[in-house]
Structures are given as structure tokens and as C-alpha cells.
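The values are calculated or read from the model by the stated rules, or taken from the named source; none is laboratory data. Only a predicted model underlies this, so the values are computations on that prediction, with no experimental measurement involved.
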């Protein structure tokens, strides 16, 4: 009975060692193919029974998706790799590639007015990925230099995209203020025109009344009425 148990343990150990050796060799093949720009390697063998470092298969699969321009699939693979709790240095490498895959989903004309809001959302999401668990920090002392550099590049793009929005807002306020001033000037001019017209009308009326008074005074001089009629 003991012998059977020992044989069973021995077989299990051989299988485990064989699987680890297979994973190591196959991962080497994947890595070599990746560096040779061959992104068609089948990752499924590494996804099965990968006990030692299960995140590696998903990480490498994500890299292959990324190189093939399948950014959404790459994002899914990187997230799965992070869920399998890689070591700190490997986590930062995965986060960097995840952030890059997120940036890959941006439109080619990401700075166009109609795309700016979505682009900013993606950029800020990618930055948050780098900041999580301290790979990069707001103060610039994260434990990954590459993550810090990518974070700074993302921040520069965010600043570039946000400036036109602030400028447009400022221009809009300036336009509104200018329009208000112009309206006030037009209202003042209208009031001035009305006042001027009233003054002219008043002046004409005064002139007419003055002429009428002169006329009646002349009449009074030329014609003097009494009960007997005209006196010449």
C-alpha cells in the first residue's frame, strides 16, 4: 500500500514538473516569437493548468492582442493578469501595457472637438491605472520609472486637450460681455436718438407757437374790433 502511495506521489510530481517545464519552454517560445514580431502564437496551452505564475499567460496573450491592434481584447487579458496577483515589478509592467492598450482605443483624431470628451475620459482612466498600487504617484515618486514617464506623457496630453476648452469658455464669456456692451451702447444710442427727436419736436412746436403769437400780435395791430365794427 505504501509503495502504491509513493508511486502515486512520484507520478504526480513528474506531472507537475513536466507541466512546469512545459510552461517554461512554451513561454520561452512565445517570448521569442514575440520579439521576432510573430504575434500569431497560440496561448491556450499556457492558459491551462498554469499553477506557478498564472498571470504570465494572460499577460503574454494581452501583448499579442496589443500588437495585433486588438486593444479591447488586450485590455481584458491584462485585467485578468492583474486579478491573479503578480509580483510588484510584474504588476507595474502589466499596468503600463494596460494603460497603453486603453490609449490605443482612442480615435485617430482624438483631439477633434467631437472626440475630446471621450479622449479625456480614456486618458484619465489610463492615468488612474498607473497610479493604482503606487506604480506611479501624483508626486512623481512611484516605484516604476516607466510608469512615471507614461503618466507624465498622459498628463501632458490631458493638459493640451483641456486648454482649448478653457480658452473656448473664456472666449465665450468675452463674447457675451462684448455683446452685452454692444447692446447697452445700442440702447444708449436709441435713448439719445429719442431725446434728440423729442428736443427737435419741442423746438419745432415752440417755433410754431412763437410764429402763431407773432401772427396774432400782427392781427391785433392791423384789426381792432369794437361794437361798431372795424376801425381803419
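For residue 74, state whether it is more than 19 Å from residue 127 (Cα to Cα) and at pLDDT 55 or above. It is false that residue 74 is more than 19 Å from residue 127 (Cα to Cα) and at pLDDT 55 or above.
Note on segment 122-150: residues that are over 11 Å from residue 95 (Cα atoms), part of a helix (DSSP H, G or I) and modelled with pLDDT of 95 or more amount to 6.
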